[in-house]
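Visitor: Attaching a single structure in structure tokens format; questions to follow.
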Amino acid sequence: MRIQQLSSDENMNTLIHFRQAVYDALDLARDAFFELGDAVMLSPPERSLPELTLSPIILRKWSSFYETIEDGRPPRIPLLRLLSTPDHIVPNGFK
């Protein structure tokens, strides 16, 4: 089996398509969920939500994240399908 690594452009396109698929699967508060997810991935470990909302990439007030978490109900089944299907994560992956 020969392993072929994707180019940087292909990797970026894969990430863009995956993020778009996750965004499309969300309904309520999708922008806030994405902003919060980006902050979790790009910030040092935080001890609390208020500390996380101090991240420079956060554009909203901390209270809107509490509202998002309280009111937002991400659809589990579509998101689990996206996360468990390798084609969505790495469409043309390593071959």
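Visitor: Just to confirm my filter: which helices (runs of 4 or more DSSP H) fall fully inside the range 21-88 and include at least 2 residues that are within 27 Å of residue 11 (Cβ to Cβ) and of a type in the set (A, V, I, L, M)?
Guide: Answer list for the range 21-88: 30-42, 76-84.
Visitor: List, please: which pairs have Cβ atoms under 7 Å, are six or more places apart or on different chains, and start with a residue in the range 17-44 that is among the small types (Gly, Ala, Ser) and end with one that is outside any helix (DSSP H, G or I)?
Guide: What qualifies is 25/75; 29/72; 32/60; 39/55; 39/57; 39/58; 43/55.
Each reported figure results from applying straightforward, stated rules to the coordinates on display, with no laboratory input. Model, not experiment: these values are computed from the prediction. Here the Cβ is made from the backbone with ideal geometry for all residues, glycine too, and neighbour counts use every protein chain on show.
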